[in-house]
Amino acid sequence: MKNLDKILILAISVFVAGVVTLNLYDQYSIDKTKLPIKLETHSRFQRWLSNLEDKGVDLEADRFTFLKDSNIYNTIWTSTVSIDDELSRKMYEDNMKVLLDYKESIKSPNEREIVNFTMSDRFGFSAKDVFFYGLREDRILRTKIANCYQHFTCNFHRGAFIDNHVFFIMELSQKAVPEEEFKGCELDEVCDYTFKVHLVDLNNNSRNIYESEVVRDTYTNLFKKL
């Protein structure tokens, strides 16, 4: 088992190093001072803003600010499997069919990749996890993308692929504060909430989070407007 663990760690490390090196100057390089234009002008993002505005939640795209960044691949939550045999390919095809049945799944333009943000336990992930599953080159890649464990009142609710390598996911949760200052809110308690955009670049192994201005309301009321 130790040898298998070492092989897996090495495979993931090589995979990550390869995609990052090959795409160091990718066109979706992140300008951390504001939302990238490809995200801000995306039809699904604009539709999301309009939907909230129609329901009384006024958000401005140019008022989202950079919150933090992180890598997405790691040896705990990332796994890769070669698809060079019939059994692996069938597993991939079967899993894709199951994931496509979820309302909370978004599919890449090439239809080989899926991001799922269903708020229930599935595929070994918890109800507050977003995960990616898909075919990258000749390997099946499975990895956790984001979570909101800290919050009792939080959810991931919208998202879209910008291209086959870049996608975004929307989150509603309490305003980000230092962990020692965090105090959870009940469903019907008026608190400071923000909308967060997770912008993920698979090629560059990056997740950048942007946060909206504060919306003071109850989780129950905001959830109804999503």
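The values are calculated or read from the model by the stated rules, or taken from the named source; none is laboratory data. Just so it is clear, the model here is predicted, and its values are computed rather than measured. Here the Cβ is made from the backbone with ideal geometry for all residues, glycine too, and neighbour counts use every protein chain on show.
Rundown of residues vs (1) under 17 Å from Thr80 (Cα atoms); (2) modelled with pLDDT under 60; (3) touching a Cys at 6+ places or on another chain (Cβ under 6 Å); (4) exposed (fewer than 13 other Cβ atoms within 10 Å of the Cβ), yes/no style:
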{"residue": "Ala11", "(1), (2), (3), (4)": "yes, yes, no, no"}
{"residue": "Val16", "(1), (2), (3), (4)": "yes, yes, no, no"}
{"residue": "Val20", "(1), (2), (3), (4)": "yes, yes, no, no"}
{"residue": "Leu24", "(1), (2), (3), (4)": "no, yes, no, yes"}
{"residue": "Leu39", "(1), (2), (3), (4)": "no, no, no, no"}
{"residue": "Arg47", "(1), (2), (3), (4)": "no, no, no, yes"}
{"residue": "Leu52", "(1), (2), (3), (4)": "no, no, no, no"}
{"residue": "Asp58", "(1), (2), (3), (4)": "no, no, no, yes"}
{"residue": "Asp62", "(1), (2), (3), (4)": "no, no, no, yes"}
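Scanning segment 171-205 for residues that are surrounded by 21 or more Cβ atoms within 10 Å (Cβ to Cβ), part of a strand (DSSP E or B) and not aromatic (Phe, Trp, Tyr) yields Glu171, Leu172, Ser173, Gln174, Lys196, Val197, His198, Leu199, Val200, Asp201.
From Ile106, Ile72, Ile140, grab the single residue that is closer than 20 Å to Arg44 by Cα, surrounded by 14 or more Cβ atoms within 10 Å (Cβ to Cβ) and aliphatic (A, V, I, L, M).
One residue alone meets the criteria, Ile106.
A Cβ distance below 6 Å, combined with a sequence gap of six or more or placement on separate chains, defines the contacts here; from segment 67-89, residues that are within 15 Å of Ile140 (Cβ to Cβ) and free of Cβ contacts under 8 Å to residues at least 40 places away in the same chain reach no residue that is assigned to a loop (DSSP other than H, G, I, E, B) and of a type in the set (Ser, Thr, Tyr). Among the residues of segment 62-107, those that are touching a helix residue (DSSP H, G or I) at 6+ places or on another chain (Cβ under 8 Å) and part of a strand (DSSP E or B) comprise Ser79, Thr80, Val81, Ser82, Ser105, Lys107. Could you run through segment 122-139 and say how many residues are part of a strand (DSSP E or B), without any contact (Cβ under 8 Å) to a residue 24 or more places away in the chain and among the charged types (D, E, K, R)? Qualifying residue count, segment 122-139: 2. Looking at Ser126, Ser206, Ser212, just one residue is under 21 Å from Asp62 (Cβ atoms) and of a type in the set (Gly, Ala, Ser), and that residue is Ser212.
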